[in-house]
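The structure under discussion appears below in the form of C-alpha cells.
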Amino acid sequence: GDCAIARVEDRLIDPTVLGLDVVPTQLAQVEYGDVVVKSGRTTAVTRGVVRRVDVIARVDFGHSAGERLIGCFEYEPLPDAPSDYEVSMRGDSGSAVLLDEDPTVVLGLHFAGERRSDPDEHGLACYAPSVFTKLEITLTPPAPGQLEAAGDGYDPAFTETFVDRPWLSDDQYEDAVK
C-alpha cells in the first residue's frame, strides 16, 4: 500500500486516535476473527471483523508506479451491522486499524476497500509490523537529541520504481501552509 511519515518539530501534537481517545503503543500480528476498529477521515469510527489474513491484493497505482502486489489482511462489517454500513470509504487511507478489545494495539494501516460497483463491503489493511519495519519507525517518539538528519526526506528509489519529486503549485502551497 501507500503510506507516509512526517517529523513534527516546534509544534504540539495530540497522539490520540480521533474519536477513540486512545494512544497506540504496540504493534501486533493480525489473526483471523479479530474484531477491529478504525477512525477514518470519511467514515469516522467503524468496527469490523478480520475475514482473511495473508491476502495478496493487486493494486494499480497508475502513472509510473503501475500495478503492485500488496500483502495485507481483509476485514468486513460486524455480522450485526446494518446492510448499508460502510466499514471503509475513499479518504480513510492511512487510518490505523486497531484491535477493538485493546485499541492501543495497531494491527494494520487501511489502504483500500471494495470497488464502487462491488456490493461486498470490506477494507484492506497493510500489516502494521511490516510497514513499521520497512520504514524503520516505531510508535515511541525519539528522545530529544536522538534524531538524525535524513537528507531531504525524499528517496526516489524507495519504491524500486522512479517516482518524480512531488511539487505543489503556488495555489496548493498557499492552501497547504494555512
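Bear in mind that the values in this text are calculations on the coordinates, not laboratory data. Note that the structure is a prediction, hence the values are computed from the model and not measured. Don't worry about glycine lacking a Cβ; one is built from the backbone with ideal geometry, like all the others, and counts go over all protein chains shown.
With the crude spin-label approximation of a point 7 Å out along Cα→Cβ, what separation in nm comes out for R7 versus A81?
3.8 nm
Karplus couplings for the range 13-19 from phi (6.51 cos²θ - 1.76 cosθ + 1.60, θ = phi - 60°), rounded to Hz, Gly and Pro as x?
Taking θ as phi minus 60°, the curve returns 10, 10, x, 6, 7, 4, x Hz for the range 13-19.
Roughly speaking, what is the stretch gain from D14 to R68, that is 0.36 nm per residue apart minus the C-alpha to C-alpha distance, in nm to one decimal?
16.1 nm
Let me make sure I get this right: for the range 1-101, a, b and c are the square roots of the gyration tensor eigenvalues over alpha carbons, sorted descending. Under 1.5 in a/c it's rounded, otherwise prolate if a/b > b/c, else oblate. Which is it?
It is oblate, given that a/c is not under 1.5 and a/b is not larger than b/c.
Whose amide H sits under 5 Å from the amide H of V97, counting only residues 5 or more places off or on another chain, with H placed in the peptide plane?
Here the answer is L107, G108, L109, H110, since their amide H atoms fall under 5 Å of that of V97.
Mind listing the long-range amide H neighbours of S88? Cut-off is under 5 Å, sequence gap 5 or more, other chains count too, H placed in the peptide plane at 1.01 Å from N.
none
With a Förster radius of 25 Å, plug the Cβ-Cβ distance of E31 and R116 into 1/(1 + (r/R0)^6) and report the FRET value to the nearest 0.05.
After rounding, the FRET efficiency stands at 0.25.
How many angstrom separate the Cα center of the range 114-137 from the Cα center of the range 50-73?
So the two Cα centres are separated by 8 Å.
Figure the gain on full extension for R41 and T140 (residue separation times 0.36 nm, minus the Cα-Cα span) and round it to one decimal in nm.
Contour length minus the Cα-Cα distance gives 33.3 nm.
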